[in-house]
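A.B. asks: Below: one structure in structure tokens.
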Amino acid sequence: MSLSEEARCRLADIVELQPTKNGELQDRWGLDSGSAVHQYLESELSAYYYRDEDSLIRATPEAVELVGGDNDTQVRLTPDEADVVAVLARPDERAQSVVSVLHDLRDERGMDPAPDVLRRRLKRLVDRGLVDVVRRTVPTYKLAVEPTAIDVTVSDEEDTATVAHE
């Protein structure tokens, strides 16, 4: 799918702002309504964005790659997601089951999320391209990038963490 210059610029906005809302894109793009944003997304960028479980707009990994964001794009994560990234197996290590990640979160971070909550966090990290799924008897997970390529900063103001791919 070939994108116009306007579509490519707007896709770069999504990559930069993610996770974002219609209203934020409406302001950035100078559109009249959130409905106009939705229409544009569906007609021009449907292959390059998705809505997460909180209905926030996120760029697909392909979108990030397309706009050249792999080296300088930041992806906002919740502090809980950042904790998962901190304990998860590295790319050269054996992938971990959900139970193994839960144990590491308890031991290393003092967290005790429900298994379903952890599965949702892992899925969001997979969707962002930060985590790989390795299919064995049960799905297992490990970082898709070296930990040195991830710069995590937790902000008390926005209750988010920032991860920069290098």
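Nothing in this text is a laboratory measurement; each read-out follows from the coordinates by a stated rule. Quantities reported herein were computed from a predicted structural model and do not represent experimental measurements. Note that we place each Cβ from the backbone using ideal geometry, even for glycine, and neighbour counts take in every protein chain shown.
A.B. asks: Please work out, to two decimal places, the log10 of the ratio I(q)/I(0) at q = 0.27 Å⁻¹ from a Debye calculation in which every Cα of the stretch 5-66 carries one identical scatterer.
C.D. replies: Here the Debye-derived log intensity ratios amount to -1.30.
A.B. asks: In whole Hz, with x marking every Gly and Pro, tabulate ³J(HN,Hα) for the stretch 91-97 from phi via Karplus 6.51 cos²θ - 1.76 cosθ + 1.60, θ = phi - 60°.
C.D. replies: Listing the rounded values in order: x, 8, 9, 5, 4, 10, 6 Hz.
A.B. asks: For the stretch 127-141, just list the computed ³J(HN,Hα) in residue order, Karplus coefficients 6.51, -1.76 and 1.60, θ = phi - 60°, integers in Hz, with x standing in for Gly and Pro.
C.D. replies: With coefficients 6.51, -1.76 and 1.60, one gets 4, 7, x, 8, 10, 9, 9, 10, 7, 10, 4, 10, x, 10, 9 Hz.
A.B. asks: Still on this structure, please answer the following. Please arrange Val99, Val138, Val85 by how many other C-beta atoms lie within 10 Å of their C-beta, fewest to most.
C.D. replies: Numbers: Val99 11, Val138 8, Val85 19.
The most exposed by this proxy come first: Val138, Val99, Val85.
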